[in-house]
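In what follows, a single structure is set out as structure tokens and then discussed.
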Amino acid sequence: MKELHFKQLDEKLYHEKLENGLEVYILPKKGFSKTFVTFTTKYGSIDRTFVPFGESAEVTVPDGIAHFLEHKMFEKEDGDVFQKFSGFGAAANAFTSFTRTAYLFSATDHLYENTETLLNFVQEPYFTQETVEKEKGIIGQEITMYDDQPDWRLYFGTIENMYKEHPVKIDIAGTIESIDQITAEHLYTCYETFYHPSNMLMFVVGAVNPEEMMNYIRENQHKKEFKEPKTIERKFEQEPVEVAKTENSLYMDVQKPKVYMGIKAKETSLQGEEMMIHELAIQLSLELIFGRSSDFYVEAYEKGWIDESYVFDYTLEKGFGFAIIGSDTGMPKELMEAVKKELQKVEEKWPYGQDDLDRVRKKKIGYFLRALNSVEFIANQFTRYAFNDMNLFEAVPVLEKMTVADLQQSFASIQGEKQQTVFSILPKKDQAKS
């Protein structure tokens, strides 16, 4: 077991790669009573075309299968896993994103019993066609529920506008039609391919003794047999730089229009420290241009173009990346024109200097240090960083070394009109007028 000491943050992280390939990280936190444990596989909704474990030909599975598999993992032949966790006083959950599926629990007691439950249920799949058919109705209701949520439709509508080929454009849960095609055989194929320990990471943070916990996890894994790890072959279509649609809208039961501009990133092949610099630099640039202390924000607020729902964000993973800027607004056209104008102004001449960088850098570091008081933030973000060959605890040193040139160079990845799209949710009452 290796000890990694981050002196600046006063954090000691313990790490070991087990014989079966599982990466285990343990971060003890003094003064904490709660422990948070995640067991995550590098497998998400975008992994729909791949070469199954032990085979040579690629397959394409139904959309939404990673999320469907996450649901099915909790149901076993002897009952529901949630009951086991609650019996030991733990709160358990799981989530599926574009790139990963995480199983987790938090507890203040019975840490080892709950850890054993987590490891065992994720590593003991149980699927039958009968239980798969039953689950289709449950997930179908979930899909219908999200289809009725304007903010969700706004977000995914914007992504769908941006991407022509990449499966990030497909809703994480899939569609009612796609999940109807899922079989127990599909689930076993995906499980055998993506749930090997060598494609997974376990992170423990909080009130924990690192030596005892590592021994416990090591012994649990040593008792089990796993196939030899193999490199997973994932397949993605070539994605053009330009957006699929420059504009689109949807009428729903909303009082006020909702609008997002999506900006598709050019640079999506980076990993490791290069990726961290690139991502943080774009986030700082967006803070300068569209943050609450920017000239744009002051003008937009004073003119009533935005309200408290106003948001800007940047997402980057290997293979895709995008910025989103928008708000609920009574003047969607005016807001989007102002955003485009601001972006064009920055593209023509970079207006920010060292003082500007220092200001947003301090804000970003302050946010990060506060977030380190959240065991949930640490575990989820550390895993996401690790799957991209980055270390969460290197973020502050990287931010401190950031230059104005880094910001300018990275921001060029989301500059260009052909990378911009606008998606709106409009009040149904206005549909007849159009």
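The numbers here are math on the coordinates, done by the rules we state, and not lab data. What you are looking at is a predicted structure, and each value in this text was computed from that prediction instead of being measured. Counting neighbours? That spans all protein chains shown, and the Cβs are built from the backbone with ideal geometry, glycine included.
Considering only DSSP states other than H, G, I, E and B, which trypsin sites (Lys or Arg not before Pro) in the stretch 192-239 qualify as loop sites with at most 13 other Cβ atoms within 10 Å? Numbers along the way, then the final one.
Numbers: sites: Arg218, Lys223, Lys224, Lys227, Lys230, Arg234, Lys235; in loops: Lys223, Lys224, Lys227, Lys230, Lys235.
Here the sparse-neighbourhood loop sites are Lys223, Lys224, Lys227, Lys230, Lys235.
Does anyone have the angle between helix 272-290 and the longest principal axis of the chain? Alpha-carbon axes, 0 to 90°, nearest 10?
The two axes meet at around 40 degrees.
Please determine, in degrees from 0 to 90 and to the nearest 10, the orientation of helix 111-122 with respect to the longest principal axis defined by the Cα atoms of the chain, where the helix direction is its Cα long axis.
80 degrees
Grab the DSSP H runs of the chain that are 4 residues or longer, score each as -39,500 (n - 2.57), total them, divide by all residues and round the 222 nm result to the nearest 500 deg cm²/dmol. Before the final figure, lay out the partial values.
On the way: 15 runs with 177 residues, N = 434.
Theoretical 222 nm ellipticity from helices: -12500 deg cm²/dmol.
For the stretch 163-220, take N as its residue count and report Rg(C-alpha) divided by 2.2 N^0.38 Å. Could you put the intermediate results ahead of the total?
Working: Rg = 18.1 Å, N = 58, 2.2 N^0.38 = 10.3 Å.
With N residues counted in the stretch 163-220, Rg over 2.2 N^0.38 Å equals 1.76.
Give the residue list of GluC sites (Glu not before Pro) in the stretch 1-73 that are DSSP loop and have at most 14 other beta-carbon atoms within 10 angstrom. Display every interim value, and only then the final one.
On the way: sites: Glu3, Glu11, Glu16, Glu19, Glu23, Glu55, Glu58, Glu70; in loops: Glu19, Glu55, Glu58.
Sites meeting the loop and neighbour criteria: Glu19, Glu55, Glu58.
Hey, any idea what Rg/Rh is for the stretch 43-94, computing Rh the Kirkwood way over Cα pairs?
Using only Cα positions, Rg/Rh for the stretch 43-94 is 1.14.
Can you tell which of Tyr301, Gly272, Tyr195 lies farthest toward the positive end of the dipole of the chain, using +1 and -1 charges on the Cβ of basic and acidic side chains (Lys, Arg; Asp, Glu)?
Result: Tyr301, furthest along the dipole toward the positive end.
Under 20 Å from the 7 Å Cα→Cβ point of Gln149, by amide nitrogen: which residues of the stretch 291-315?
Counting only backbone N, you get 308-315.
Along the charge dipole of the chain, pointing to its positive end and built from +1/-1 on Cβ of Lys, Arg, Asp and Glu, which listed residue (Phe95, Asn209, Phe411) has its Cα farthest out?
My answer, from the dipole projection, is Phe411.
Report, to two decimal places, the Cα Rg of the stretch 299-350 normalised by 2.2 N^0.38 Å (N = number of residues).
Rounded to two decimals, the normalised Rg is 1.30.
Which cross-chain or sequence-distant (5 or more) residues have an amide H under 5 Å from the amide H of Glu11, H modelled 1.01 Å from N in plane?
Residues meeting the amide H criterion: Phe6.
When the distances between all Cα atoms of the stretch 2-222 are binned every 10 Å from zero, what whole-number percent does each bin get?
All Cα pairs considered, the percentages come to 7, 30, 33, 22, 8, 0.
For the chain, evaluate the Debye formula with one uniform point scatterer on each Cα (no solvent term) and list log10 I(q)/I(0) at q = 0.06 Å⁻¹, rounded to two decimals.
-0.28
Counting residues in the stretch 268-384 as N, plug N into 2.2 N^0.38 Å and put the Cα Rg over that result.
1.17
Using a simple charge model, +1 on the beta-carbon of Lys and Arg, -1 on the beta-carbon of Asp and Glu, nothing else, what dipole does the chain show about its Cα centre, in debye to the nearest 20?
The dipole magnitude comes to about 920 debye.
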